Amino acid sequence: MTIPISWYLLLSAFLFACGVMGFLIKRNIITIFMSIELMLNGVNLSFIAFATRFGTLDGHIFVFFVMVVAAAEAAVGLAIIISVYRTRETLNVDRVNLLKL
Amino acid sequence: MKLFFWQPWLIPLLPLVGALINGLFGKRFSKSVVASIALFFTGASLLFASVHAYTLLHSGADALETSYGTWIRAGSFAADFGIYLDHLSLVMMLVVTGVGFVIHVYSVAYMEHEGGYYRFFSFLNFFMFFMLTLVLANNYLLLFVGWEGVGLASYLLIGFFFQKDSAANAGKKAFITNRIGDFGFLIALFLLIQHFGTLRFATVFNIASSLPAETTAGLLTAIGLLMLVGACGKSAQIPLYVWLPDAMEGPTPVSALIHAATMVTAGVYMVCRSNAIFSRAPLALLAVAIIGALTSFFAASIGIVQTDIKRVLAYSTVSQLGYMFMAAGVAAYSASIFHLMTHAFFKALLFLGAGSVIHGIGGEQDMRSMGGLRKYMPWTFWTMLIATLAISGIPPFAGFFSKDEILWQAFSSPHGSKIFWAIGIITAFMTSFYMFRLIFLTFTGEYRGAQQDAHSAHADHGHVPHESPWLVLAPLVLLAVLSIIGGWVGGNRFEHFLAPVIQKVQTESPRLQVAESAAIPTSEHGEKTGESKALETSLMSISVLVAFSGLGLAWFFYVKRPELPGKIAAASGGLYKLVLNKYWIDEVYSAVIIGPLVALSRAFLWQIVDQKVVDGSINETATAVRGVSHVVRQQQSGLIRSYAGWIAAGAAVIVAYMVWMGTR
Amino acid sequence: MHIFLFLLFGLLCAGGAINLLIQRKPINSALSLIVVMGSLALIYLLLGAEFVAVVQVIIYAGAIMVLFIFVIMLLNAGEEEHTKGSKVAKIIGIPGLITGFIIGVSVLLQHGPQEKRIHIGELYGSASDVGMMLFTKYLLAFELTSVLVLIAIMGAVVLARRSHSS
Amino acid sequence: MPTATDYIRILPEIVLSVWGMAIMFVESLLPEDRSRKDLGIFAAFGAVAAIAATVYQAQPQFAGFGFNHVLRVDHFSIFFHLVVLLVTLATILMSLDYLPLQKIDFGEYYALVILGAVGMCLMSSAVELVLIFIALEISSIASYILSGFRRSAAVSTESALKYFLLGSFATGFFLYGIALLYGATGSTNIFDIALILGKANHVEALAYLAVALIFTGLAFKVACAPFQIWTPDVYEGAPSPVVALMSTAPKAATFAVLIRIVFEAASPNLFWVIWVAAALSMSVGNVGALLQSNVKRMLAYSSIAHAGYLMVAFASASNRDLAISSAMFYSAAYAAMNLGAFAVVTQMAGSGEGYLQMDDYSGLGKRSPVLAAVFTFFLLSLIGIPITGGFFAKFYIFSTALRTRLIWLTLIGLVNSGVGSYYYLRLIVRMYMYEPRAEIPVPPVRLGMGLAIAISLIATLWLGVLPNAVLHYTQGMPSAIAVR
């Protein structure tokens, strides 16, 4: 019993879209950041699926690097969130709008 | 092998050195040091220019081109730092350095009581540098450097009195209007690069001369029209003239130098310099002539109703530039340059004279508050009168010769037409009228200024009008002499002198050949045959007649019956009042002939076309752009999620388009 | 069997993603994200990516999500506040996203590779294979990640630390 | 195994990394109350050393691929290395006195600038998407942190947050694009991808989708419409020297990546996308700037407009050699003049960045004639007045565009540069034609700032008056980049 690769790709696209959607509708900065992680996870699935299709390992390597980058981004991003919280006392993204027009 | 320093590159660079010295260290110098530095470098430049002019004329060569190394080499295209000295640039160079030097001298005393003395001279020298670069460049790109540079200097100098908001706005307006013109010029340059592969004058003109004249719109026509757009911006032609009247916010010497004698003529210079292109693009040439004719008429009619002395002169400048364009447009390039030269003398003189007047009565610019100044400032009066006689085209003053040449060419040139001549004659009449109006309002009758108003008068100006110091008057006298004798060289000899520059069109289009055969036959060297000479003489007498009638009319209205114009203006609707008046014959006459003209000028041309349509459309555009800007700003809501929404939507659009491309 | 497993973890994954969007408390969202990541790891295994599956659990679910939860706790992030917020996101963003998603899916379905089928148990992305590649072909990239991590550490320290002078 | 030549091919990056680590090390040893200025001077030497390494690397025998074809040293990479490193140097110099003024006492600042430059440099030489991705992330993450460096100021942290969230969002698109491109071709090497796409007689829609997403990600980084929306907010809030850095160096590096992708790998034709993006950026940037009263914000809009001008070069892609050369030249000219403008803004900003409004520049011509003159020069260059680098860069791009018969785009561009002159001019008018409203102190220009301004001034002037050397360099490249 086997399944076509496009199923994986569909799942991947769905996760990516959920991530984008999360960015658009969530109010909490931390949740929004999680949505970005969701997008990256979706992309990773695509990489692995394509790697399987070609039978090469480049996709795996790419996923590995994406994870490293995601970890680095998480560290920096959360630090930025903390410093925003310190100055603004809020985690609502709609209230972070001093800079405009 | 000549000495390196004995070469023309010093002509533009000397003023630059002056500008740098004054600009960087001028703050620490005393006024006299600043002035001497500025005068020294301008004077040296003038000296050098004369020497090189002499050398060129005696070498027998048509042109001297010197290159000082490659500036830009991009692929097959290259532009040099190079100087091109021929009879055309020689005339321009001498006018610029000569008039420039005289105006520098004038400024020494004139600007003495203004702040930022060193800055003023630094800018003025800076302007000289760019203007000389413009006229001496050997390629269009370097010309463009000068072109933009003079615009920049002009902008700095217009805004010199920066306490005034209007000055700052005028500076901005000048800069931006010029930018609009520059698009046209730039695109013309791009087209030249694309099709000719070079911007060097000699090569471009060689290639252009080998091309046949275009009977329909083609490449050369496109280039010509685009250059015309650029020229319109710089030389204040319809519809880009709006900046020049406003530019009068600048100090008067600046108006004289930049907005009358030199910078504004850059467009004329460029058209004449590119005659090889224009002569092969009759449509572009026709456009030049039409724009020139329209501008000259239009601006002159607005000049009739202005009351600010400098604005009268500004509109007059626009009008005279229109004359030059008209001349260039009928392929009478030498007549155009001839008028450019004489105009530089008398218009600079008029502005300097106006400056002397304004100075003498403590800063007033409204002619209605002047009058009777002849007895207070005789030197100013007599020199300005000479200039007025010159600009009105009254023999034997300089303007007569050049104007007559233009009118004759407009009538007789193969590219000309009787309509152009007629417009020229009407404009000449109006010019004579408003210029003498200026003279009479300013210098005759009784002084109408607030001389009794003691508490408003400054201590240093006194409350009685006074004559300006000799350092101001000397340039006036010098320019007056030039305004008298400047035209004596005569149109024919001048044409002969410029002949090497003007490239004759070998192959005429059929339409033009017909026109030429129909036109008056002229022999090779411009010596007219008997028949045409008679015609020329009669045309000349018409123009002289017209000039005198303008004078006479102005005299009638502003000296003999000074109360009339006001009444006409006040009663332009009510004929009833006119009949009650005891001068009813005069007044009916005026109401029928002059009244409509003045009313047309004031109500339609000035208030509607100039103020509403041209100025208004610019303002409307500005408002519209502002509105769009507001909308753009509104998108910056500061909300991160909105931004993400934009990004997602943008990505979706691009994705949709690309996928559509891919599946097609 | 394969299809059953895929459907199970795929649905779990999608469900977790949707739950992340629905939940209003960040901590619940974080937990659903962990569900997504865990099931993804299993899907990687289905695809034969052994090494990546393991790393997914260790780095993502293990390290990154712990960090998230830590910050949620630290900042005491409670239930999401309902602000009016952005019209643009609703009017332009969401329709854009949906069209983009539909277009993308149609491309993936029509032009995506369908021929290759995956058999269960074909593990080929083992740690040693990936390791070999990492230290040969992608050596420079691997070395470069050290710079990246260094920047990240420094950034976290700088942004979260107290100032010397205060 | 990598050879010695391989290491020389990443010599500037090695120098920078070592220097960055050394700064971190020294920073931890320094007593807390000691000024970090010395550390900045040390960092500046690092940038100089990296420039020297780049010059060494520029010898012909080192040109070519390195590290298993993941990067490539050629004229192109050397050019962008120099641009990035000079910007880095100038940024460090202008930060020397800025940081103490803002009471920022972290030496890590310099380490971040130096290490961020590692990423930017590699972006211009990498030809492998994995490497490009990591390099891009290095430069981005460093910028995220740097823009939040005034931690006590709400605007600065907000700017960091906006930049970070939206930047990561865009990275997601970029990455998805790479994944799909990998799926369409089976490779992540630009030259392999070009080969595969070139051979294929039918490029599948997947590749088009992929290129669209990659373009989205990169267009975000260069602040090109329709992805420019973050720029004004982020630039306004971030510390001024950081804006000077991130509006120039990462942008130039991203343009380098875009050049590699558009001109090398992308067989799906992006022409109309780029056309619209260019037209839109120019218009949005210039029109948006008209009503701004905050100088940093205005310059942010102006940088959007300039990204648009640069995209015009990309639209001329069918005239390949000229297009690449003009894009490179513009990147350099833009970097020089924008750096200079922001250097002046940094100098003027004062403690707490309190003086950023146009009003604060009133009468600067009187208060500080030299600073005003220098600023005017940079603004004139941004307008595109001759004898400045900005003029010739614009001239070159538009003449290329017209040669490629992009008549409408040229017209839009020229009209826009006319509109653009208005708001730059407003600032010049402020400086010269308004009386100083309040006596705002103009701190004396210190040595570091002076050097930074001098670097940008000389570069801008040099590119305008004697652009030949740089032009030759940019033109020598197009043939070199194509060789496999």
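All other residues with a Cβ under 15 Å from the Cβ of D:Ile261 taken together, and with Lys, Arg as +1 and Asp, Glu as -1, what is their net charge?
Summing Lys/Arg as +1 and Asp/Glu as -1 gives +1.
Specify which residue in the list B:Phe401, B:Pro8, D:Leu322 is farthest towards the positive end of the charge dipole of the protein assembly as shown, using unit charges on the beta carbon of Lys, Arg (+1) and Asp, Glu (-1), about the Cα centre.
Checked the options; the winner is B:Phe401.
Using 31 Å as the Cα-Cα cut-off, could you pick out the over-long pairs in B:Lys234/D:Lys394; B:Lys172/D:Lys37; B:Lys310/D:Lys296?
In this structure, B:Lys172/D:Lys37; B:Lys310/D:Lys296 lie more than 31 Å apart at Cα.
Treating the beta-carbon of each Lys and Arg as +1 and of each Asp and Glu as -1, no other charges, what is the dipole magnitude of segment A:5-95 about its Cα centre, to the nearest 20 debye?
Value, rounded to 20: 220 debye.
In whole angstrom, note down how far apart the Cα centers of segment D:384-456 and segment B:360-404 are.
43
How big is the C-alpha Rg of the protein assembly as shown next to the rule-of-thumb value 2.2 N^0.38 Å, as a ratio? Provide the component values of the computation, followed by the final result.
Working: Rg = 35.9 Å, N = 1415, 2.2 N^0.38 = 34.7 Å.
Output field value: 1.04.
Between segment B:1-70 and segment B:100-149, what's the alpha-carbon centroid distance in Å?
Between the Cα centres of segment B:1-70 and segment B:100-149 lies a distance of 12 Å.
Go ahead and estimate [θ] at 222 nm for chain D from helices alone: -39,500 (n - 2.57) per DSSP H run with n ≥ 4, summed, over the residue count, rounded to 500.
After summing the helix terms and dividing by residue count, I get -24500 deg cm²/dmol.
Output ³J(HN,Hα) for segment B:141-149: one whole-Hz value per residue in order, computed from phi by the Karplus curve 6.51 cos²θ - 1.76 cosθ + 1.60 with θ = phi - 60°, and x for Gly and Pro.
5, 5, 4, 5, 4, x, 4, 6, x
How much space per residue, in cubic angstrom, does the convex hull of the C-alpha atoms of segment A:5-95 take up?
Considering the Cα atoms of segment A:5-95, their hull volume per residue is 58 Å³.
Compute the convex hull volume of the Cα atoms of segment B:216-316, divide it by the residue count, and report the result per residue in Å³ as a whole number.
76
Rounding to the nearest 20 debye, state how big the charge dipole of segment B:342-448 is about its Cα centre with +1 on each Lys and Arg Cβ and -1 on each Asp and Glu Cβ.
120
I'd like the distance separating the alpha-carbon centroids of segment B:327-349 and segment A:29-101, in whole Å.
71
For segment A:5-95, with the dipole built from +1 on Lys and Arg beta-carbon atoms and -1 on Asp and Glu ones, taken about the Cα centre, which of A:Thr56, A:Val76, A:Thr31 lies farthest toward the positive end?
Going by the charge dipole, the pick is A:Thr31.
Can you list the DSSP H helices in chain C whose Cα atoms extend at least 18 Å along the helix axis and whose mean Kyte-Doolittle hydropathy is 0.0 or higher?
C:2-22, C:26-46, C:94-111, C:139-160
What value in Å³ per residue do you get for the convex hull of the alpha-carbon atoms in chain C?
Details: hull volume 32.5 nm³, N = 166.
Value for chain C: 196 Å³ per residue.
Of all the Cα-Cα pairs you can form in segment B:14-78, what percent are over 13 Å apart?
Within segment B:14-78, distances greater than 13 Å cover 73 percent of Cα pairs.
Quick one: angle between helix D:407-433 and the longest Cα principal axis of chain D, in degrees between 0 and 90, rounded to 10, please.
Roughly 20 degrees, rounded to the nearest 10.
Using only alpha-carbon positions, what ratio does the radius of gyration of segment D:4-482 give when scaled by 2.2 N^0.38 Å? Show your work: numbers first, answer last.
Working: Rg = 21.1 Å, N = 479, 2.2 N^0.38 = 23.0 Å.
Rounded to two decimals, the normalised Rg is 0.92.
Using modelled backbone amide H atoms (1.01 Å from N, in-plane), which distant-in-sequence or interchain residues come within less than 5 Å of D:Asn189's amide H?
Here D:Leu129 satisfy the definition.
What's the whole-number percent of alpha carbon pairs in segment D:131-257 lying beyond 24 angstrom?
That fraction is 33 percent.
In nm², what is the average projected area of the convex hull enclosing the Cα atoms of segment D:266-317?
About 3.4 nm², averaged over all directions.
Quick one: order B:Met324, B:Met111, B:Met658 by neighbouring beta-carbon count within 10 Å, fewest to most.
Exposure proxy ranking, most exposed first: B:Met111, B:Met658, B:Met324.
Based on DSSP loop calls and a cut-off of at most 15 other Cβ atoms within 10 Å, the longest stretch of chain D free of exposed GluC sites (Glu not before Pro) is what?
So the longest stretch without any such site is D:33-438.
What angle do you read, to the nearest 10 degrees and between 0 and 90, between the alpha-carbon axis of helix D:249-259 and the longest principal axis of chain D?
Taking Cα atoms only, the helix is inclined about 20 degrees.
For helix D:369-383, report the angle its Cα long axis makes with the longest principal axis of the Cα atoms of chain D; keep it between 0 and 90° and round to the nearest 10°.
Approximately 30 degrees, to the nearest ten.
Other chains near D:208-219: what is the mean number of their Cβ atoms within 10 Å of each residue's Cβ?
Mean number of neighbouring Cβ atoms from other chains: 6.
Just so you know, all these numbers are worked out from the coordinates, no wet-lab data involved. Because the structure is predicted, anything quoted here is derived from the model rather than measured. FYI the Cβ positions are ideal-geometry reconstructions off the backbone, even for glycines, and counts take in every protein chain you see.
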